[in-house]
Every structure is written in C-alpha cells, then in structure tokens.
Amino acid sequence: MAEVELRRICKTFDRQTVVHEVSALIEPGEFFVLVGPSGCGKSTTLRMIAGLEDISSGELLIGGKQMNHVPPSGRSISMVFQNYALYPHLTVKENILFGLKVRKVDKQEQAKRLAHAAEMLGISQLLQRKPRELSGGQRQRVALGRAIVSQHPICLMDEPLSNLDAKLRGHMRTEIRQLQQELGITMIYVTHDQVEAMTMGDRMMVLRDGQVQQIGRPLDVYNQPANLFVAEFTGSPPMNTVNGTWAGDGSCQGVVIGTGNEKAFLPIGYREGIREGAPVVLGIRPEALQPFAAEPTVGIPDHTASERAGQGKAERAVQGISQLASLAANPVASPAAGSDASAGAITLPVRVEAVEILGSETIVEFALAGARWKAKWNGQWPCRRGEMVRVGFYPGQICLFDPQSGKNLTASESKTIHQNVLQINAI
Amino acid sequence: MGLEHRAKWRINIYAWLLLLPSLIFLVLFTFYPVLQTVILSFYQADLGSPEPFFNGGDNYRIMLEDDVFWKVLTNNLWFALGTVPTSIALGLAMALFANKALRGKGFVRTAYFYPTVVPMIAVANIWLFIYTPEYGALSHVMEWFGHGGMNWLGDRTNVMFAMIFMVIWKEAGYFMIFYLAGLQNISKELYESASMDGAKPWTVFRRVTFPLLMPTTMFVLIIAFTNSFKLVDHLVIMTKGGPDNASNLLLYYIYETAFSFWDQGMASALTVVMVVILLLVAAIQFFGLDKKIHYN
Amino acid sequence: MRTVVKGLFSVLMSMALITGCSSGNAPATGSQAGAGAGSEAAAGSGAGKASGEKTELTFFYPVAVGGPLTKIVDGMAEEFNKANPDIAVKPVYTGSYQDTTTKIQAAVQGKTPPDVAVMLSTELYTMLDMDAILPLDDFIAKDGGSEYVNDFYPGFMANSQVDGKTYSIPFQRSTIVLYYNKEAFKEVGLDPEKPPQNWDELVEYATKLKKDGRWGVEIPTSGFPYWMFQSFALQNGKNLMTEDGKKVFFDTPENVEALQLWVDLAKKHQVMPEGVIEWATVPSDFLEGKTAMMYHTTGNLTNVKNNAKFDFGVAFLPAKKTFGSPTGGGNFYMFKGIDEKKQEAAWKFIRFMTEPERAAQWSIDTGYVATRKSAYETESMKEYVKTFPVAAVARDQLAYGHAELSTHNNGKVTKALNDSLQAVITGQAEPAAALKKAQEEADKILAPFNK
C-alpha cells in the first residue's frame, strides 16, 4: 500500500518557483531515483514528500491518501539524511532507537528490531560507541539502521553517499540496493550522480530547474534521452553533441556539420519529420564511436568545401590507419562493410588530439568539423597525439535534437516518452 | 643529526619570539602584580604602620575573624546562586525564542542584547530610578498591587533581590548571544530527523537541544560565575554595599579596604582569596567537566 | 578695547603654559612670552618680578556637586595666573572626592605628589599618617597671621587643626540644615515662619505633616549616615571624636537616645520611611512634595531654590540640649616634597582662592557656605543674602558648627559606625547594642594610634 503519487507538485519560495508541476507515480517496492544537477529541485521535492517543506500547490498521495498537511511523523516514512543526522551525544544504540522511544514502542520489541537491524548491517559490535568514534561508512550504516528499525514502508534518502570516498560509495551502492530489495520497501533516492541513478534505480526521474525532463528505466533514459539535457547529463564521458544542418535529397539524407573548410556530411539516412535545411544537434555517445580498419565505407574528406553528400562516397586513404588497426588490442566487433548508408557504419579519418588510457578502456579525443569529440574504446589503445585514426559509427546510434527546444527528434524516442506519460496517467 | 637539531632549535626560537610580546605583557601586568599581591598579603601595610612590615599570616587570621569578610563572601555566594542559574536559563529561553521568531528576528535579538551593551554604571543609574521608593518606575507598578512604598534598596532583604534581578536583566542578553551561536552550530538535520520521528518540542529540547548546548552552557556558566564576582560597579552608584553590608560583595570590599581604609596588606590578602576562588572555578572547567561534554 | 587685550593676553598666557609643559627644554621662551605679554597688558601688576623662571604648580581638585564647576575653578586659576605672571597654576580635575584621594595616594606613593590639592577635610589624619602634607603655620605667620585664620568659622577650621598645627585651609564647605515646605505647614495649621526648634517639636510637627503620600520628615541614611547622625550627637551633648582623632565616643547614652529617635521616627511615629533612605532621592522627594521636611546639605540650596514650586524655608536643625551641625566638604592641602619656591607659590594660590571676595563669589556660584566671616561683609554677598535670606541661615548655624567625624584610619572607623547605623535603621539591631559594637570595632582600629 506504500505507493507514492505526486500530482503537479510545485514549490515556490518568495515568488521563485523551484519545483514546477512535478508528477510521478512511485510503485510499492520500487527504487525510484530523483537525479539532476545541484539546484534542480530534487532535494526540495524529496523534502516535500517527507513533510519537511510545505507543498505550494499540487497533491501528494501516499497509499492513496492525501498527505499535504499531515506532519512528517504521520506519513509512514523514514529518512536518511545527507550527513546522517546522528545525535553526537548518543550512542549508536540510542541513536537507532531514538525514534522508537519517541513512539513509545515496547522495550522488547525495540531490542528485537535493534538486534535484527544491527545484524543486517554488521554493526552489532558498535552499539555502545558514539558517532564520532565511527568511520564514515559505519555512520552511514547507523543511519540506515535507524530507517530499518522504524519499519516504515517508505524510505527517503537524500544524497546518502556523497560524503563517502569513491570505493566505499561503490560498495554502499550495492548494499543499499540489496537492503531495499530484502526489506521490500519503497525507496525514493536523491542523487546528483548519474552513475548512482543508473546502477541503483528501477526507474529514474531527471530534473532540471524544477522541471521533469524524463522519467523511465535507466537504460531507456540512457539510450533514448528525451532531450539534449538528459543526453548530456547521462553517461561518462557525456554524449558528444555538435550543431549541424539536415540536408540531402530523397535517397541520401544526413547532417552537414562544421563550417568553411571543416565541413563534413554524415549520411544518416531517412528520419521522419525533419525537413531539408533544418538546424539540428547531432549527438553520439563516445562508446558508439569505434575504431575501424583501413577499408573505408563512407568518408567525407575535410578541406573540400564543395563536396556534398550526394557525390559523397569519395574516400581518402588515411596514412597509418592500417598500422593502428593492427595494433588494436580489441578489434572492433562490427565490421566496416556495406554500401548502404543507413545499414553500414560511417567511418571517418580523424587526428587524435588527446588520449586517456584508463586500463580497461581508453578515451580518445579528436577534432572533427570544428568540434571536439570523445570516443571510448574498450581495452588499451596506445595511440599518440597527432596520429590519424579512422573512427566509425552506425547511423542507428545517432540522436538528433532540436537546437531550439533540445527535444529528441528521433520518432521512436518521442513515442517512448509519450508512453511513459500515458502510463502515469492511467494508473 | 646536528642539522636536524638546529632546525628544531630554530623553530623553537621562532615560536618563542612570536609568543614573546604577549608573554612580556602577561608577566608585566598579570603575573608580577599577582606575585606582588601575594607577598604584600603577608605584610602589615596600613595607615597605622608608616613602613610595611612582615606579619606572617596575621592578615589572613584577622580576615577569618572579620564578620564583614564572611558577610561579603556569603553575600557573594547568594548573589552567584541568584544570578547564575536564572540568567543562564533566561538567556537560553531568549535564544530559543530569538532563533525561532520568524518576524522581527533582528529586532528581538537587539532588544534582548541591549542591556548588555549599556555600561554597568548607566544600568545602575537606570535601576536606581526604577527602585526609587514613591515615584520610581517599580513603585508605580507595585502601587497597582497596593505595595507602592516598597523600599527596595534600603531594606536588608530586598536589596539583594533587587541587585540580583538587575544583574539578571543585564546578563541574560549576553548569555543569549552565546546560546544563539551554540544553536546555530546544531545541525538542522537533527531537528528534521526528530520531526520525522514525531518527537514533541519538549522532547526535542530535552533530548537534543539541551544536551548539545552543554558545551555552551558550561562556558556560560564559568563566565556567569566569574562575573558574579567581578560585577560591582553598580554598588558604587546604588548602595555602597549597604545597608550594613547587606549588598556588599567581595570585590567591592577589596576596593573599600584598599582605597577607603588604605589597608594594602589586608586588601592584598582579600585579593588572594578572590584569585584563588576564580582559579578554582577555571580549574574545574579545564580539568573536569570540559572533557565530558564535548562531542565532536 | 581692554577686554580684547585681556583676551589676547590670556591666549598668549595659555600658549606659554602649553610650551612650558610640553617641551621641557624650552622653558625660557615660555616665560619670556608670558612676561612680555604680561608687562604690556596688565601694566604694573608686578610684571617686573616675572623676568625670572616661572614656578609651575599642579593643582588637583574634585567636583562633588552639580553645575559647571570645573569651568569656574579653571577660570579662577587663570585669574590667579594673570595676577601672578611668575606662577603658572595648572588645575587638574580629578573626579569625585574619592577619586581625588585615590589619585593623590598613588601620586604620593610614586613620589610625584601634586603641589596643592582640594581634598575632603576629613582626610587630615590619613594624610598625616601617610606623611604626605605640610603644616601651614609658617606661611600663616608670615602672611595673614591669626587674623587670617580666625576669620574662618571655627566649625570649619576644626577639621584643619591638630596638635596646635594647621594643615589645611577651608575651601568648599557645607553643613546640614533643615529644609521645610511652608505650604505644607500652612495646610496643617502650623506657622510657616516657625520651624521645629527641638526634637520634640520635630516629632510633633512631622506627625501633623504626615499624610497619605507625604512623609513628615526624611533624613538620608545611605552611603555616609554618620554625617547626619553626627548632628544628633552634637545636639545631644558632644562630638563623636576627640580633637586628636585618636578616640571616638559612639556608645554614649546620649547617642543611643539620638539613634532611638531615628528608629522611632520611622517605626513608632511612622513619619519617616523605614529602611535606608537614599541620599540623592531625598531632595527630589522634597521637591515633589513627598516629604514636608528634610535634613540635607547646604550644597542643595541652589537646587531647591531653582526647582521648588512652593514656598520653602531653611532652618537650624532642631536642638536637643543645644543646636548643632557638623560641617563637611573640602579643604586646601599642600604636599610634602615640593621645593620652597613652589611652597611659597602654593601658599599664594591658597590665599588668593580664599580671599573674602572670591569666597563670597564661590558661595554664590555653587551654594557652598562661604568659609570666612568677612566674606559675608562683601557687597556681593550682602546683595545675595538680601535677595535670598535663607542663605544666611547656614551662616548663622555655623555658630553651632563642629568638625566632621575624622580620625586616624578614618575609612574603617566611619565604616564601623555606618554599618551599625544601617543595621539599626533596617531593624537588624538595637541602638545600644549596635553602637557598642561600632565602639568596640573603632577602639580596635584606633588601638595602634594610642600606643
């Protein structure tokens, strides 16, 4: 019965709207992540759910009941704060039991819940310590313990991992997720870290300037970002985006990017609803840009302004690319073949500007048509700055956005969002 | 080895040089006078003895037999007992209110803090008027209850209450400032967490706010206690320690002994007693309670 | 024209003073400038003598009553400097009497005493015990003689003399008088021209005058109640101490009787407020009509005169065996350790400040009682007394004036008496027991001086 519904919820501070008509339905047992950059209103939204902030307009329903004016303690909610909110003068045990004591829960029951929670979290040996004698991770567990013993069906977390170091953060991510599934509680989790959102959530809601950008399963959001903002917010490194113009005749359509001597035409193929000459933003994720061997498919040479896509299967041999291909530890899986622009990969020779080898992957930065691009390749690629390499991608991996509204112009994408909205309204 | 030694030595010299100015002042204006006072307290140096001479513990012996000394000491303890807890409690209450007040926060704080800014001499003059029988402000108020003619400063029992009340009025605002700072140091999350648990305001105060303000309380306690020994300016204006020493305090008695009786030896002995009392209080804070109440 | 020259002169004079003070290595220039200006402006006023080195005097003085007294004192010093170009008196305002004593004590211990100062007349024994002051007999013998000394009212002079030697000269002096509200007298059927003459009448009149919201009489008892009490002791027999300041008489039956009267006024007759009565509020009570009579210092004469909205009278304090009132206030002292030239200059200054004409003006300006009989013979004083006859009451009562309580170790002795008096007033002790306690304490305190 612990579903949470937000109906066009707004928050206004001094005539400034910080949360704007946020609607969502969070199902029982769901791990729901509110994600966005700082100041996007995610914490405020969470605090409105908790009852720590008044709701300016809209409705909050928990288990089907309107909760707008119910005090926090009446909402069957537990909350884990960013700084854990542990009472420094109380021991771990007292901290965990504080809420139960306030609610005058039976002493035996208290002891039972405490033992259970302590065991689950592995903090049984810390119960007599004061918070200042605990490490960051231990404090985090105590805060979780407090939520567990409350046995509320809903748990709110406000950036609970932001005070931990990277390694511990990774560890706690899985632990919290596991805990949530074990207890079967509804979790509403606020974070600014898209990695947490991607890895922990059943669904995520991306917020920006108090407005919902997209709600959906992490992979859907990743693959089909609703708009430019979501596209750039998710993934690391973020999606490459570059301004261009839609061009081409009936058979060969694509995007012209760059200006003057650095112009290039990428034959992407037919996309519904985009008219000739319309400005677009082309987006492609770094992992979609992969190294290709020398045999070229499609390539538009730089320095030739007159060359257009129509004439365009002209290729230019690139010096050293075969050498590079042979050096590749993990050769590209998808073969660079096929003459059909929409089915085959588009490859381009580019000059490497910078390389970061991270061990398991390599980030290669290159310049193309006046913009900087990043590509992420698996494995270790020992290429150097100034080297020429051939990279390629499949047209299906490209996203096109409206430069004005930022909306994803891909038809299937807009359908997905539409579906989501419909889904929400239906429930 | 030698080099390391020299480097260490140089750091030491540097530290000492930095400390030197304040050390010189401390020695010159604190330690040396204290030492002189202790020495003088073993001398008879009054108007009856043209040349001071060593008289052993005579000053202390006479002091212990001196009714006025015991009177001012007990007065001082009552004064402390009357002013310290009440002014601290009031300061805390005012801080809680000033912290909560949504509208006019600045005004409330200023209003509460105002008595602290006024010099003690001015305060004494204000309250001298308030306490005046017949047409004083307090008399006018008391007239409504049919007690207009109360002689606040001229009565042995009233005078102590009158002083205590005035000092509480003056001191509470000062302590409020410390408590406001203390309250600001308590994380808002703790209160939010408590409200998620449904804790009532009194429970929150008792279980969260008050324990977390303990360091502030301890600090304020020391200040308040030493102040109750240090504040005597008002006596000069209001009562001169009278009637019959009913409002006399240790420090004012020291002043009388030194500059009205010209008994430097006895004044020194009294000063030593006062310094010892204040040192004891400081020591209790420093060695005892301090460690138990700091959480972070 | 003359005033312009005069003003110019004083400016030059003060400039000379400043250079004289600030730069120790250029005293010659200062004195020359002063002398030059002096010979031009104040022709023939002993300017020739000024060619030598200038004698500088530091003069400490307190202010104990309201009004711009520092200005008056500074003006008098300036006048003196003008008349004596070879002397430069530097007046230093040193706060209250208590502050002045403290500062002088510190200066004496630091071996840099002021040259001349005004201090409470009762500090005589303290100063003697500190060995800080000079006897003035040689100066008096040379300049003024007994004629000068005898011109002062004996009640004032008594605080200046010990063992046949004179140590101080009265300056700003006061005494206690009875102020009464004539309209209140009329209201209850008393003759406004006949104030109470004795203790019995005091009780009788006060009882008549007492009504709701008005006391019959108020006698201030805060701070220094011994002064008020002394007047009762004097009226009932004798002063509280011996002339040499080595013995006190606190617990005589007469004093017990006097103190019992105080208690009775408040407790038995209920014509006076109970408890300690604040010194400063008594005049306000009188002016507000909250009390029909008050005992207070003559120093309040001007204040009452200016602020009373009713007709008031001033009278002798009611008598018992005799009239009587102690004097109070400050005298001139000269300090040990200054060279002869300075001593001469200081004496000149004291003489100047106590001249009849100046004493009269000082009295008119401040409300203090003029210290000398001849001061009342001056035209200005005659004029003043004519327009304000009550000013003469204080003078006439001086025939019954006596030395203020002053002994060796004065602070402790008076404190012993004060505490006992207040203990009785607040109902903590019986008069006889309290005065006996004060006597015992005082005897103990004075024991070292009676060896």
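The values are calculated or read from the model by the stated rules, or taken from the named source; none is laboratory data. A quick note: this is a predicted structure, and the numbers were derived from the prediction, not measured. Because the Cβ atoms are built from the backbone with ideal geometry, glycine has one as well, and the counts that use them run over all protein chains shown. Surface areas here come from the heavy atoms of the whole protein model, side chains and all, with no ligands, DNA or RNA. Shrake-Rupley method; radii C 1.70, N 1.55, O 1.52, S 1.80 Å.
Could you point to the residue in C:P114, C:A64, C:N84 farthest towards the positive end of region C:52-125's charge dipole, with +1 and -1 charges on the Cβ of Lys/Arg and Asp/Glu respectively?
C:A64
Can you sort A:F292, C:F249 by 1.4 Å-probe accessible area, starting with the largest?
So the residues, ranked largest to smallest area, are C:F249, A:F292.
Take the Cα atoms of region B:1-40, build their convex hull, and give its volume per residue in Å³.
Cα convex hull per residue, to the nearest whole number: 59 Å³.
Can you put B:V72, B:V273, B:V34 in order of accessible area, largest first, using a 1.4 Å probe?
B:V34, B:V273, B:V72
Would you mind giving the mean number of other chain beta-carbons within 10 Å of the Cβ of each residue in B:47-54, as a whole number?
The per-residue average across the peptide is 4.
Using the charge dipole of the protein assembly as shown (Lys, Arg: +1 at Cβ; Asp, Glu: -1 at Cβ; taken about the Cα centre), state which of A:T362, B:L73, A:Q108 has its Cα farthest towards the positive end.
So the residue we want is A:T362.
Running Debye on region B:82-147 with equal point scatterers at the Cα sites and no solvent, what base-10 log of I(q)/I(0) appears at q = 0.22, 0.25 Å⁻¹?
-0.99, -0.99
Report, in whole Å, the centroid distance computed from the Cα atoms of region A:187-208 and region C:232-294.
What the calculation gives is 89 Å, centre to centre.
Run a plain Debye calculation on chain B (Cα atoms as equal point scatterers, no solvent) and give log10 I(q)/I(0) at q = 0.10, 0.11, 0.12, 0.16 Å⁻¹, rounded to two decimals, same order as the q list.
-0.76, -0.88, -0.98, -1.29
Using a 1.4 Å probe and ignoring any ligands, DNA or RNA, find the accessible area of C:E193 and quote it in Å² to the nearest 10.
For C:E193, the solvent-accessible surface is approximately 120 Å².
If DNA, RNA and ligands are ignored and the probe is 1.4 Å, what is the ranking of B:I130, B:I284, C:I350 by accessible area, most exposed first?
B:I284, B:I130, C:I350
In cubic angstrom, how much convex hull volume per residue do the alpha carbon atoms of the protein assembly as shown span?
In the protein assembly as shown, the Cα hull volume divided by residue count equals 328 Å³.
How big is the charge dipole of the protein assembly as shown about its Cα centre, in debye rounded to the nearest 20, if each Lys and Arg gets +1 on its Cβ and each Asp and Glu gets -1 on its Cβ?
So the magnitude is around 2920 debye.
Charges on Cβ only, +1 for Lys and Arg, -1 for Asp and Glu, centred on the Cα centroid of region A:4-231; of A:P218, A:L179, A:V22, which one is farthest towards the dipole's positive end?
Result: A:L179, furthest along the dipole toward the positive end.
What is the sum of charges, Lys and Arg at +1 and Asp and Glu at -1, for the other residues whose Cβ falls under 11 Å from the Cβ of C:K342?
-3
How large is the accessible surface of B:W16 in square angstrom, using a 1.4 angstrom probe and rounding to the nearest 10?
140
Give me the accessible area of C:F316, 1.4 Å probe, in Å² rounded to the nearest 10.
Result for C:F316: roughly 50 Å² accessible.
Can you send over the carbon and sulfur percentage of the accessible area for region A:18-162, probe radius 1.4 Å, protein chains only?
C and S fraction of accessible area: 45 percent.
Over the Cα atoms of chain C, what is the Rg over Rh ratio if Rh follows Kirkwood?
Expressed as Rg/Rh, it is 1.01.
From the Cα gyration tensor of region C:207-356, with a ≥ b ≥ c the square roots of its eigenvalues, which class applies: rounded if a/c is under 1.5, or else prolate if a/b is larger than b/c, or else oblate?
Because a/c hits 1.5 or more and a/b fails to exceed b/c, region C:207-356 counts as oblate.
Take every DSSP beta bridge with both residues inside the protein assembly as shown and express the antiparallel ones as a percent of the total, to the nearest 5.
Expressed as a percentage, antiparallel bridges in the protein assembly as shown total about 75.
So, with +1 on the Cβ of K and R and -1 on the Cβ of D and E, and no other charges, what is the size of the charge dipole of chain C about its Cα centre, to the nearest 20 debye?
320
Among bridges DSSP assigns within chain C, what percent are antiparallel (round to 5)?
Taking every DSSP beta bridge within chain C, about 65 percent pair in antiparallel fashion.
Hey, any idea what Rg/Rh is for region A:4-231, computing Rh the Kirkwood way over Cα pairs?
Reported Rg/Rh, Kirkwood definition of Rh: 0.97.
Taking each full run of DSSP H in chain C as one helix, which ones are at least 24 Å long along their axis (Cα atoms) and have mean Kyte-Doolittle hydropathy of at least 0.0?
Those that pass (Cα extent of 24 Å or more, hydropathy at least 0.0) are C:2-22.
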